[in-house]
Structure formats: structure tokens, C-alpha cells
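Notes follow once the structure below has been shown.
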Amino acid sequence: MNSDVRDPTSQESWQHLQALILAESRHVLPSYIGSLTATELARAVSRLSQEEHTRLLGLLSPQDAAELIDQIEDVQAVDLIEDLPPADAAAIVDEMYSDAQADLLGGLKDEEAEAILEAMPDERAEEVRQLLQYPDETAGGIMLTEFVSYPVDFSVQDVIDDLRNRHDEYVGYDVQYLYVSDGAKLSGVLRLRDVVMALPGQRLTEIMVKDPVRVQVLTPLEQMRDLFETYTYLGLPVTNEEGSLVGVVRAADVQEKLTEQTESEFLKTSGIVGGEELRSMPVLTRSRRRLSWLSVNVVLNIIAASVIVLYQDTLEAAIILAVFLPIISDMSGCSGNQAVAVSIRELALGLVRPGEILRVLAKEASIGFMNGVALGALLAGASLLWQGNPYLGLVVGTALAANTLLAACLGGCIPLALRAMKADPALASGPMLTTVTDMCGFFLLLSLAQFVLPKLA
């Protein structure tokens with residue numbers, strides 16, 4: 001091995017990782033990967049080619065490969081594993097926590113995920129299939145199925161003996177609590193501290209928290225967030241409709257999923273559809289995802305611009321109006337998008353429901369009126385100073401004020417209406433708002449100008 005490979009400080013992390021892959025340094029790779037921060041590792045992996053991804057995973061043991069995948073983003077993990085033979089991928093997936101398994105396989109194509117599941121041990125594969133049935137943003141979709149549970153008739157000594165005897169199995173678990181079950185039904189929760197401090201002969205029913213706070217498999221993300229804000233628990237047991245303990249949802253996982261949800265909504269409102277996008281992805285895939293948004297916007301903008309055609313004579317008679325068309329549409333769009341952002345955020349937090357459109361309309365109307373008057377007066381003053389024509393100032397100021405009011409009202413209500421229709425407000429609100437505010441802005445300016453056209457010419 002050359003000196004550059006031995007000395008990571010002389011290279012970028014991704015270059016050093018490339019060198020280790022090229023040299024097939026099986027013994028050095030795990031320790032070097034472990035020395036990188038999650039950010040450094042994600043950046044290094046993103047610089048590797050698809051062939052290098054495959055070689056990297058082939059040089060690592062299934063356990064080391066699983067640890068690598070656990071440190072990077074899901075979209076990168078999918079990119080890493082999708083080209084592996086199903087048997088090799090299954091060996092890696094089998095080393096991962098159940099929730100990470102579901103996240104990873106859920107990001108693959110159905111046929112690819114099924115091929116990996118068929119190569120996994122039957123019992124583990126069935127567990128993952130069960131998790132994949134639950135929606136992503138529910139307790140069942142993010143829960144861990146690795147937990148430790150004991151019968152109600154156990155003593156403290158029985159629990160301690162079991163923990164010691166099955167150390168190798170439990171060491172990989174993220175154990176914060178122990179659970180007590182009567183048959184399959186959840187009866188109570190034990191804190192590890194209580195077990196350690198209790199007398200060996202005490203029964204679990206004496207020290208457990210009876211009738212503990214729990215969530216069901218279909219409990220939504222927002223409700224779990226509220227529970228973790230109310231109770232300072234590290235995790236909550238998850239039960240099915242029969243009350244049987246089926247998993248554990250951690251506070252950290254709920255927070256991570258909320259962050260992912262926020263990032264996803266931001267990407268959608270920015271026009272990135274079909275999931276996350278990284279520049280390491282194939283160009284055609286990225287182009288297709290962006291075009292699906294941009295092509296719709298072309299059509300909507302043509303519709304908005306058609307209003308100008310209807311008032312072509314007015315615009316030709318007072319060409320100065322052309323200067324103010326983009327100002328009015330852009331400013332109104334900004335005001336509307338502010339209202340859209342607030343509504344989407346409140347929907348995500350559960351602070352507003354789709355049926356509360358009238359309440360939201362009243363709140364946004366007051367803001368839209370105040371901001372519209374202020375912005376309209378500002379634009380009117382600027383046009384008066386520039387052209388010295390009070391009629392022009394009156395027309396452009398009134399058009400901007402009215403369109404700002406309309407944009408704020410629509411921006412606040414469109415996300416609620418879309419959610420009520422089971423559509424994605426983050427994806428559809430922007431194009432709808434832009435089209436309507438552009439059309440109304442053009443119409444207001446040109447129709448008002450038509451009334452006082454002799455004064456503008």
C-alpha cells in the first residue's frame with residue numbers, strides 16, 4: 001500500500017476511501033469508515049461511482065456494511081444496495097434494526113425488495129413484511145420490533161438471570177425499558193433502574209408501571225410527537241388492536257421522521273417531486289423528476305399570460321403598464337406563498353384542520369388587507385415619483401393592494417382545501433396559487449387601467 005493510502009490527512013476523505021477500495025484493504029476499511037463523521041461519510045459515499053459502491057460493500061462484512069448504511073441518508077443507502085445481488089443485500093439487511101430494514105426496503109422497487117426478502121431468513125423476512133404494511137408516518141411504520149418482554153409471573157431475579165444469559169442477543173438492542181406481558185397483552189413497563197434497585201425476590205407486578213402510556217400501530221406522527229412532549233419518555237410501547245405488544249417507538253425516531261417530513265415538504269414546494277434528489281443520482285432520473293413539475297408550470301403560466309392577450313390593446317396604449325405586471329404578480333406571489341407556508345406548517349403540527357377554512361380566511365384577510373395597503377401605497381408612491389402621473393399610481397397601487405389581499409386569502413386556504421381532498425398541499429399549492437395570483441394581478445391592473453386609459457396615455 002502506498003503512503004497516500006496510509007495517510008488520510010494527505011487526501012480528501014472520499015479520495016482516501018477510493019484508494020482503500022482500489023487496494024482492496026478489507027482490514028483497514030472498517031476502521032477508516034468508523035473514523036469519519038456521519039457528514040464526512042455521506043460526502044465520501046456521494047463521490048463514489050456505482051461500481052465503487054458495489055466494491056465497497058463487497059469488501060465489508062455484512063455487519064460493517066450495515067453500520068455504514070445506518071450512518072448515511074436513506075436515499076444514499078438505497079443507491080448503495082440496489083445493485084447488489086439479492087443474497088448479498090439480504091445478508092446486510094439482516095444485520096440492521098427492524099425500523100431501518102423497513103425504511104431501506106421501502107425505498108427500493110417492489111420487485112427488488114421482494115427479492116431481498118426472499119433471500120432473508122423466513123422469520124426476519126416476515127417481520128419486515130409486517131412493518132412494510134404500515135404507513136411511513138405511523139407508529140407501526142417507525143417502530144422497532146427488537147424489545148425485551150417478560151411474563152407477569154417473573155421475579156426480578158428471573159429478569160436479571162435472563163439478561164445475563166442472553167447478553168449476546170440483547171447487546172445489540174437499544175434497551176431503555178423492559179416490558180411485562182400477560183400472555184401477549186401488554187401489562188406494564190419496567191425501568192432498568194427499578195430492576196437494578198429492586199430485591200431479587202420481588203415480583204415484576206410489584207415494581208412495574210401498570211397500565212402504561214402506549215400507542216397503537218396506526219397512531220399518526222403528530223399524535224406521537226404530542227405524547228413525547230407531554231411525557232419525558234425515551235420510548236413508548238406499540239400495541240395492535242388486540243392490545244398485544246408488537247414494538248417500541250423511540251422519541252428520537254419520531255423527531256427524525258418529523259424532520260424528514262419537513263424536508264420533504266420543502267423539496268416539494270421547491271419543485272423536487274418523486275422523493276429526495278442528490279447530484280449523485282442518474283441524470284435522467286433527476287431530469288425526469290424536475291420536468292414533471294416544470295412542464296405543468298409551463299401550461300399554468302400560459303393560462304395566466306392569456307389574460308394579457310385579452311387586454312392587448314390597453315397594454316399597447318399604455319406600454320408603461322408592462323413594467324408593473326411582473327412587480328404585481330411577483331409581490332402577490334410572495335405574499336401568498338407566506339400564507340401557504342404557515343398553513344402547511346400548521347397542518348403538519350396539527351394546529352389547524354381542513355374544515356377550518358373560514359377561520360383561516362378571516363385571519364389571512366386581515367394580514368392581507370394591512371400588507372396590501374402598505375405595499376400598494378409604496379408602489380403607487382414609487383410610480384408617482386417616477387412618472388409624475390397620479391392616475392398611474394392609483395391604478396398600480398390599487399391592483400397590488402387587491403391582489404395581495406386575494407393572494408393571502410388563497411394562500412392560507414388552498415392547502416386546507418387540498419388536504420380535505422386528500423391531495424398533497426406541499427406539492428400542489430404553489431402552482432395553483434401562482435396561476436391564480438398571476439391571472440388576477442394581470443386582470444386587475446389592465447382592467448383598472450382601461451377605465452382611466454386616456455389619463456395614462
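Go through the range 413-445 and give me each residue that's β-branched (Val, Ile, Thr) and under 23 Å from Lys363 (Cβ atoms).
Ile414, Thr434, Val436, Thr437
Restricting the search to the range 73-98, which residues are of a type in the set (A, V, I, L, M, F, W, C) and over 16 Å from Glu52 (Cα atoms)?
Scanning the range 73-98 gives Val75, Ala87, Ala90, Ala91, Ile92, Val93, Met96.
On the basis of being closer than 21 Å to Asp79 by Cβ, crowded, with 20+ Cβ neighbours inside 10 Å and touching a residue at least 60 places away in the same chain (Cβ under 8 Å), does Asp103 make the cut?
Here the answer is no, as Asp103 does not meet what is asked.
Which one is farthest from Pro151 (Cα to Cα) among residues in the range 184-214 that are among the hydrophobic types (A, V, I, L, M, F, W, C), part of a helix (DSSP H, G or I) and over 39 Å from the mean Cα position of the chain (by Cα)?
Going through the qualifying residues, I end up with Met197.
Before we move on, is Gln71 surrounded by fewer than 16 Cβ atoms within 10 Å (Cβ to Cβ) and either at pLDDT below 85 or not small (Gly, Ala, Ser) (or both)?
Judged against the criteria, Gln71 is not a match.
How many residues does the range 409-429 hold that are open to solvent by 20 Å² or more (accessible area, probe 1.4 Å) and either in contact with a Lys or Arg (Cβ under 9 Å, 6 or more places away or on another chain) or of a type in the set (Gly, Ala, Ser) (or both)?
Looking only at that region, the number is 7.
Out of Leu48, Leu56, which single residue is at pLDDT 85 or above and closer than 24 Å to Ile92 by Cα?
The unique qualifying residue is Leu56.
Quick one: count up the residues across the range 314-354 that are assigned to a helix (DSSP H, G or I) and basic (Lys, Arg).
Counting residues in the range 314-354 that are assigned to a helix (DSSP H, G or I) and basic (Lys, Arg) gives 1.
Take the residues in the range 74-91 that are of a type in the set (Val, Ile, Thr) and open to solvent by 10 Å² or more (accessible area, probe 1.4 Å); name whichever of them is modelled with the highest pLDDT.
Here the residue is Val78.
When residues of the range 111-168 are filtered for being of a type in the set (D, E, K, R), over 25 Å from Gln216 (Cβ atoms) and open to solvent by 70 Å² or more (accessible area, probe 1.4 Å), how many remain?
Summing the residues that are of a type in the set (D, E, K, R), over 25 Å from Gln216 (Cβ atoms) and open to solvent by 70 Å² or more (accessible area, probe 1.4 Å) in the range 111-168 gives 7.
Being in contact (Cβ under 8 Å) with a residue 60 or more places away in the chain and either open to solvent by less than 20 Å² (accessible area, probe 1.4 Å) or more than 30 Å from Leu132 (Cα to Cα) (or both) is true for just one of Val217, Val246, Val196, Val209. Which residue is that?
Val217
This table checks each residue for (1) open to solvent by less than 50 Å² (accessible area, probe 1.4 Å); (2) free of Cβ contacts under 8 Å to residues at least 60 places away in the same chain; (3) touching a helix residue (DSSP H, G or I) at 6+ places or on another chain (Cβ under 9 Å); (4) assigned to a helix (DSSP H, G or I).
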position	(1), (2), (3), (4)
Gln15	no, yes, yes, yes
Ile21	yes, yes, yes, yes
Ser25	yes, yes, yes, no
Ser31	no, yes, no, yes
Thr39	no, yes, no, yes
Ala42	yes, yes, yes, yes
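Which residue is surrounded by the most Cβ atoms within 10 Å (Cβ to Cβ), if the candidates are limited to the range 380-408 and must be of a type in the set (A, V, I, L, M, F, W, C) and free of Cβ contacts under 8 Å to residues at least 24 places away in the same chain?
Ala380
Restricting attention to the range 177-185, does a residue exist that is modelled with pLDDT under 90, open to solvent by 100 Å² or more (accessible area, probe 1.4 Å) and of a type outside the set (Phe, Trp, Tyr)?
Checking the range 177-185: at least one residue is modelled with pLDDT under 90, open to solvent by 100 Å² or more (accessible area, probe 1.4 Å) and of a type outside the set (Phe, Trp, Tyr).
Check the range 217-226 and report whether any residue there is part of a strand (DSSP E or B) and either among the hydroxyl-bearing types (Ser, Thr, Tyr) or under 30 Å from Val75 (Cα atoms) (or both).
Yes.
Can you tell me which of Ala377, Ala348, Ala365 is small (Gly, Ala, Ser), at pLDDT below 90, surrounded by fewer than 21 Cβ atoms within 10 Å (Cβ to Cβ) and on the phi < 0 side of the Ramachandran plot?
Result: Ala348 is the single residue among Ala377, Ala348, Ala365 that is small (Gly, Ala, Ser), at pLDDT below 90, surrounded by fewer than 21 Cβ atoms within 10 Å (Cβ to Cβ) and on the phi < 0 side of the Ramachandran plot.
The values are calculated or read from the model by the stated rules, or taken from the named source; none is laboratory data. Remember, it's a predicted structure, so these values are computed and weren't measured experimentally. Counting neighbours? That spans all protein chains shown, and the Cβs are built from the backbone with ideal geometry, glycine included. The area values use the complete protein model at the heavy-atom level, side chains included, leaving out ligands, DNA and RNA. Shrake-Rupley method; radii C 1.70, N 1.55, O 1.52, S 1.80 Å.
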